[in-house]
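Structure, as structure tokens:
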Amino acid sequence: MSLRVAAAAPFIQNGSRRLQENEFVVALSLDRDWFSPDQAKRLIDVAVRDGLLEHDGGELVAAFDPAEVTIPDEFVPDEDLLRERSAFERVLDALVAEGMEKHDAVGAINGLQQELGLTIEAAAVVYARREGIDVDDLVPVARSALIEER
């Protein structure tokens, strides 16, 4: 969820769904002082991989509506946002973003993993799909985790 908030901030600040990459970096590094310029660029990579941002020429386009995101007054993103996140973590974030309690989602996913004998990634994808959450972009990741485990 905080990745979505951090990615939304430059768009909210500029009142747009499209920004030049350098505008995005300046908003996060100089204007908000949340990241260094290199870290802001890394956040772009993570947000693109997670489907939150898209490249369109030299511009970044929000793949979600930034106006629907609220930035809490005391919000400061954690540098953990910049690390690679597993498919499980990404599905969990999607479930929480839809209003599910994190501990409830983890418990349900763990139960499904035990019941079906799946990897945690595959169980998370199956659970999210059962809950009507679109995680189609994570299906290949979960499938490859299944293949590697066997």
Fill in: Single unsatisfied condition, VAL48 versus (1) in contact with a strand residue (DSSP E or B) (Cβ under 7 Å, 6 or more places away or on another chain); (2) touching a residue at least 40 places away in the same chain (Cβ under 8 Å); (3) under 20 Å from ASP137 (Cβ atoms)
(2)
Response to the item:
If we keep only residues of the range 82-107 that are of a type in the set (A, V, I, L, M) and out of contact with any Lys or Arg (no Cβ under 9 Å at 6 or more places or on another chain), then the residue farthest from GLU131 (Cα to Cα) is ALA87
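Test of understanding: among ALA97, ALA105, ALA40, which residue is in contact (Cβ under 8 Å) with a residue 40 or more places away in the chain and either touching a helix residue (DSSP H, G or I) at 6+ places or on another chain (Cβ under 8 Å) or of a type in the set (Gly, Ala, Ser) (or both)?
Working: ALA105 fails: in contact (Cβ under 8 Å) with a residue 40 or more places away in the chain; ALA40 fails: in contact (Cβ under 8 Å) with a residue 40 or more places away in the chain.
Residue meeting the stated conditions: ALA97.
Suppose the filter is touching a residue at least 24 places away in the same chain (Cβ under 8 Å), under 30 Å from SER36 (Cβ atoms) and among the hydrophobic types (A, V, I, L, M, F, W, C); does ALA87 pass it?
Working: touching a residue at least 24 places away in the same chain (Cβ under 8 Å): yes; under 30 Å from SER36 (Cβ atoms): yes; among the hydrophobic types (A, V, I, L, M, F, W, C): yes.
So ALA87 fits the description; yes.
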Fill in: Residues of the range 121-150 satisfying the condition of being open to solvent by 40 Å² or more (accessible area, probe 1.4 Å) and modelled with pLDDT of 90 or more
VAL126, ARG129, ARG130, GLU131, GLY132
Item to complete: Could you name every one of the helices (runs of 4 or more DSSP H) located completely within the range 1-118 that has at least 2 residues being open to solvent by 20 Å² or more (accessible area, probe 1.4 Å) and modelled with pLDDT of 90 or more?
Response: 2-14, 21-26, 37-49, 102-116
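The values are calculated or read from the model by the stated rules, or taken from the named source; none is laboratory data. Since the structure is predicted, the reported quantities are computational estimates derived from the model, not experimental observations. Methodologically, a virtual Cβ is constructed for each residue, glycine included, from the backbone with ideal geometry; neighbour enumeration extends over all protein chains shown. When the accessible area is computed, the model is the full protein with side chains, heavy atoms only, and any ligands, DNA or RNA have been set aside. Shrake-Rupley method; radii C 1.70, N 1.55, O 1.52, S 1.80 Å.
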